[in-house]
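Chemist: Let me begin by handing over the structure; questions about it come next.
The values are calculated or read from the model by the stated rules, or taken from the named source; none is laboratory data. Predicted, not measured: the structure shown is a model, and the values here were computed from it. Here the Cβ positions follow ideal geometry from the backbone for every residue, glycine too, while neighbour counts run over all protein chains shown. These area figures cover heavy atoms from the full protein model, side chains too; ligands, DNA and RNA do not enter into them. Shrake-Rupley method; radii C 1.70, N 1.55, O 1.52, S 1.80 Å.
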Amino acid sequence: MRIDGAQAQSNFRCVECGELFEVEYAWSAGAPESKAPVYRPNPLALKHLWQERKSSTLAVDQSGVWRFRELLPIVSEDRVVTLREGDTPLYEMPRVASSLGLNWLLAKHQGMNPTGSFKDTGMTAALSVAVSRGFTWVACASTGNTSAAMAAYAARAGLRSLVLIPEGKIAWGKLSQSMDYGATTVQLKTDFDGCVKVLAEIVKRAPIYLLNSVNPYRLEGQKTPAFEILEQLEWQVPQHLIVPGGNLANSSALGKGLMEMKHLGFIKRVPKISVIQAEGANPLYRWMQNGGQGQLEPVTAETRASAIRIGNPASWKKAAKVIAETGGWVEQVSEREIALAKAEIGAEGIGCEPASAVTLAGLKKLVADGRVGQEETAVLLLTGHTLKDSEYTIQFHRGALLKDEEMAGASAAERAEFARLQRDPLVLEADVDVVLRALEKEAGQPA
Ligand code: F0G
């Protein structure tokens, strides 16, 4: 691969073959054998050290990304910009597991990060690189979460940030975050893919550091949740990891992290990584259905899961490689399936944004096809917090989310599930008896 000197700072593609770069370490999987003596991490010592750091008061240790810094040698410790991201919970989902006939089911909730999405783990890494390289401006095109994360980390570091978002196509919670954290927020009259194109030209003409997920340092940070999952399962490797697919960087990053863990001797095998896309934003699914050969055909994306409304994913080749190497699958799910899955995750007391719920909707298909078995452990990667898109949730519970034609194909069981989960707020007189009567009625309904 060759880097073009003039554009080296924000051009993350090879000028000859056009492929995206990847951060390669002497010890990482696939790196060319080096004759020089290389640092080779000792799994036992590191497992212990990483745990020990959790009780330290140092900022770099309190970060669930930087406590794994032996596997992220990209900046010196004094350049790290952190909001104490990572170290997110791994929840059990007993009710959903039992309704699917699984012994157990787990959810890694990346929405519990400081700005409410998994993007923080990648942003701490790439923003720290921007600081080390002396940039004063950073920028991204976004469906809302990357921009929220970038704006926050840039503010922490005292950098200026430029956000390009598709006008009217991102959730309010996310838009408000980038304003709150002081970014220059620009709504373009186009979609996410159009914003990416405009920004690609801007970073060629202005000294701005590009923080979209084509930036390989983002992926370095985003690989750490894979380490956490293994830690949280006491290094027992789950059979399946199920990830939403948009620009396809996250599946690539988690795959990279797991491959590195295997290569370094922390684990003997890796989970199958499956990617789930919304039906209206399914270019990778289509590519797979067409035999997984040649170039991916971009689509015009349309889904209410606005975070993954992406038709031309930048990291599709990396993701396709991860899926093939781990033996996972690509599934697509409908708007109705996403809505129901999101409500089920909410009813577990966990909650997530619509794009995260595709994981459960996809898992249902993998179980139905016998690709995920009763005894197996599956981990759903929940990427965003439920408060990111509360408008979607409210519309769902008011029965105003889906159109009649979208509900038309629902089975009787599905309709019953919708009715059970929908909780439209009651409007009552401010009278104790009236409220108690309503409560009695509720108590007669299934929980
Ligand atoms: N889930 C959420 C909540 C997201 O915000 C995104 C991507 C994804 C899943 C998909 O991850 O792109 O790595 O495949 N959001 C980006 C953004 C594109 O701009 O916030 P991916």
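Chemist: Which length gain, in nm to one decimal place, applies between ALA45 and LYS403 when the Cα-Cα distance is subtracted from 0.36 nm times their residue separation?
Modeler: Between ALA45 and LYS403, full extension yields an extra 123.3 nm.
Chemist: First measure r as the distance between the Cβ atoms of ARG160 and VAL23, then evaluate 1/(1 + (r/R0)^6) with R0 = 30 Å and state the FRET efficiency to the nearest 0.05.
Modeler: Calculated transfer efficiency: 0.75.
Chemist: Continuing with this model, one more query. May I ask for the equivalent-ellipsoid semi-axes of segment 342-394, computed as the square root of five times each C-alpha gyration tensor eigenvalue and listed largest first in whole Å?
Modeler: 24, 10, 9
Chemist: Would you check the accessible area of HIS263, probe 1.4 Å, heavy atoms only, in square angstrom rounded to 10?
Modeler: Accessible area of HIS263: about 80 Å².
Chemist: Could you tell me what fraction of 2.2 N^0.38 Å the Cα radius of gyration of the chain comes to, as a two-decimal ratio?
Modeler: Taking the Cα Rg and dividing by 2.2 N^0.38 Å, one obtains 0.98.
Chemist: Now for a different question. In a GNM of the chain with a 10 Å cut-off on Cα contacts, which of GLY64, GLY101, GLY122 has the highest mean-square fluctuation?
Modeler: Of GLY64, GLY101, GLY122, the most mobile in the Gaussian network model is GLY101.
Chemist: So, one more: Sorted by accessible area with a 1.4 angstrom probe, largest first, how do CYS140, CYS17 fall? Walk me through the numbers on the way to the answer.
Modeler: On the way: CYS140 0, CYS17 75 Å².
Accessible-area ranking of CYS140, CYS17, largest first: CYS17, CYS140.
Chemist: Also: Over segment 232-341, with a single point scatterer placed on each C-alpha, what log10 of the ratio I(q)/I(0) does the Debye formula yield at q = 0.15, 0.22 1/Å?
Modeler: Computed log10 I(q)/I(0) values: -0.63, -1.13.
Chemist: Sort 231-241, 76-86 by the packing proxy (mean of other Cβ within 10 Å over each peptide's residues), most packed first. Each step should come with its number before you reach the end.
Modeler: Working: 231-241: 16.6, 76-86: 18.5.
Those peptides, ordered most packed to least, come out 76-86, 231-241.
Chemist: List the lysines whose Cα sits under 25 Å from the Cα of LYS47, skipping any in the same chain fewer than 8 residues away.
Modeler: Within reach: LYS108, LYS119, LYS223, LYS256, LYS262, LYS268, LYS272.
Chemist: Please express the Cα-Cα pair-distance distribution P(r) of segment 186-236 as a list of whole percents, one per 5 Å bin, running from 0 to the bin with the greatest distance.
Modeler: Values per bin, smallest distances first: 5, 16, 16, 16, 13, 10, 8, 8, 6, 2.
Chemist: Please list LEU90, LEU421 from largest to smallest accessible area, probe radius 1.4 Å, with all protein chains kept in place. Spell out each step's value before the answer.
Modeler: Values: LEU90 40, LEU421 15 Å².
From most accessible down to least: LEU90, LEU421.
Chemist: How much length is gained if the chain between ARG420 and LEU387 is pulled fully straight, taking 0.36 nm per residue apart and subtracting their Cα-Cα distance, in nm to one decimal?
Modeler: 9.7 nm
Chemist: Please work out how many pairs of lysine residues in segment 300-426 are eight or more positions apart (or on different chains) and have Cα atoms closer than 30 angstrom.
Modeler: 20
Chemist: So for each of 125-133, 354-362, 176-184 I average, over its residues, the number of other beta carbons within 10 Å; can you give me the resulting order with the highest mean first?
Modeler: Highest to lowest by the protection proxy: 354-362, 125-133, 176-184.
Chemist: How long is the gain from VAL15 to LEU58 if the chain were fully straight, where each residue apart is worth 0.36 nm and the alpha carbon distance is subtracted?
Modeler: Stretched out fully, the VAL15 to LEU58 stretch lengthens by 11.4 nm.
Chemist: Oh, and also: In deg cm²/dmol, rounded to 500, what helix-only [θ] at 222 nm does the chain give when every DSSP H run of at least 4 residues adds -39500 (n - 2.57) and the total is split over its residues?
Modeler: -12000 deg cm²/dmol
Chemist: May I ask for the distance between the Cα centers of segment 294-360 and segment 139-166, given as a whole number of Å?
Modeler: Computed from Cα coordinates, the inter-centre distance equals 23 Å.
Chemist: Give the ranking of LEU106, LEU426 by solvent-accessible surface, highest area first, calculated with a 1.4 Å probe.
Modeler: Solvent-accessible surface, decreasing: LEU426, LEU106.
Chemist: Could you report segment 67-224's accessible area per residue, 1.4 Å probe, as an integer in Å²?
Modeler: 36 Å²
Chemist: How many percent of the alpha carbon pairs in segment 56-203 exceed a separation of 27 Å?
Modeler: Summing the P(r) of segment 56-203 above 27 Å gives 31 percent of all pairs.
Chemist: Where is the GNM fluctuation largest for the chain (alpha-carbon springs, 10 angstrom cutoff): THR303, THR136, THR393?
Modeler: Result for the chain, Cα springs under 10 Å: THR136 fluctuates most.
Chemist: Mind telling me which of ALA412, ALA152, ALA319 comes out most flexible in a GNM of the chain, alpha-carbon contacts under 10 Å?
Modeler: Of the options given, ALA412 has the highest mean-square fluctuation.
Chemist: Can you give the accessible area of GLU201, probe radius 1.4 Å, in Å² rounded to 10?
Modeler: For GLU201, the solvent-accessible surface is approximately 80 Å².
Chemist: Hey, another quick one. So for the chain, taking the charge dipole from beta-carbon charges (+1 Lys/Arg, -1 Asp/Glu), which of PRO283, ALA408, VAL23 sits furthest toward the positive end?
Modeler: The Cα lying farthest towards the positive end belongs to VAL23.
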